[in-house]
1. In Å², and per residue, what accessible area does the range 1-109 have when probed at 1.4 Å with the other protein chains present?
2. In whole Hz, what ³J(HN,Hα) sequence does the range 30-37 give by Karplus (6.51, -1.76, 1.60; θ = phi - 60°), x for Gly and Pro?
3. Once amide H atoms are placed 1.01 Å from N in the peptide plane, what residues at a sequence separation of 5 or more from S67, or on another chain, have their amide H within under 5 Å of its amide H?
4. Taking 0.36 nm per residue of sequence separation and subtracting the Cα-Cα distance, how much length would be gained by fully extending the chain between W13 and E56, in nm to one decimal?
5. Show the residues, 5+ positions off or on another chain, whose built amide H is closer than 5 Å to the amide H of M60.
6. Which value, in debye to the nearest 20, describes the size of the charge dipole of the range 2-110 about its Cα centre when Lys and Arg Cβ atoms bear +1, Asp and Glu Cβ atoms bear -1, and nothing else is charged?
7. What are the extents of the Cα atoms of the chain along their three principal axes, listed from largest to smallest and rounded to whole Å?
8. Per-residue HN-Hα couplings for the range 15-22, Karplus 6.51 cos²θ - 1.76 cosθ + 1.60 at θ = phi - 60°, whole Hz, x for Gly and Pro?
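The values are calculated or read from the model by the stated rules, or taken from the named source; none is laboratory data. Computed from a predicted structure; not experimentally measured. Neighbour counts run over all protein chains shown; Cβ positions are idealised from the backbone, glycine included. Note: accessible area is taken over every heavy atom of the protein model, side chains too, but ligands, DNA and RNA are not part of it. Shrake-Rupley method; radii C 1.70, N 1.55, O 1.52, S 1.80 Å.
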Amino acid sequence: LSEGIAKADPDAWRIVSSAYTHVGYLDKLIKDKVDFDMIGIDWYDWMGPINEKKMENGQMLVDKLKSYNKPLTFMEVNAIPEGETKKSKSKTVVDENRQSDIISKTAKWAWENKDYVKGFFVLSLFDGVNNPNENVEYFGIVAAKKSSSGVNVPGEPRKSFYTYQDLIKKYSGQ
């Protein structure tokens with residue numbers, strides 16, 4: 001697959017995404033000589049600061065990731081919403097301060113390491129619409145609201161929207 005992507009589009013970036021400290025498959029890809037261009041990582045508030053995360057063997061995660069000699073991009077950054085599950089009728093709570101904090105701290109670290117970090121994405125910009133019984137549907141930095149026809153449409157921006165907006169301005173030099 002990797003070779004096919006490169007052949008079809010030599011300019012395409014092949015990103016292998018990981019989460020937390022799960023890097024064994026990256027070792028396997030390297031061992032098997034599967035080529036890829038970048039490591040993507042998902043990072044959430046419960047994981048702590050990425051620059052402080054140690055792997056099970058005591059090695060710093062960032063050092064291990066850098067050992068692959070591939071740039072890093074943050075594919076998903078956010079805080080886990082609390083509350084609603086399939087069995088619960090309670091409303092999901094987005095802790096806007098926690099959400100803003102993880103986005104801000106992770107973006108700051110990414111910017112300070114911009115020679116290594118090449119991308120930063122928040123999951124997600126807008127609350128999901130597919131399954132309102134899953135917490136993942138409440139990750140948006142813009143809340144959803146129901147339209148008169150019952151469809152989710154953009155509602156009010158959350159605190160993290162303005163945090164992200166400010167970070168983009170700050171780090172893009174605008």
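1. 59
2. Rounded to whole hertz, the list is 4, 4, 7, 6, 7, 7, 8, 9.
3. Residues meeting the amide H criterion: none.
4. My answer for the length gained is 12.5 nm.
5. Those lying under 5 Å, H to H, from M60 are M55.
6. Approximately 240 debye in magnitude.
7. 53, 38, 33
8. So the J values, rounded to whole Hz, are 9, 9, 9, 10, 9, 6, 9, 7.
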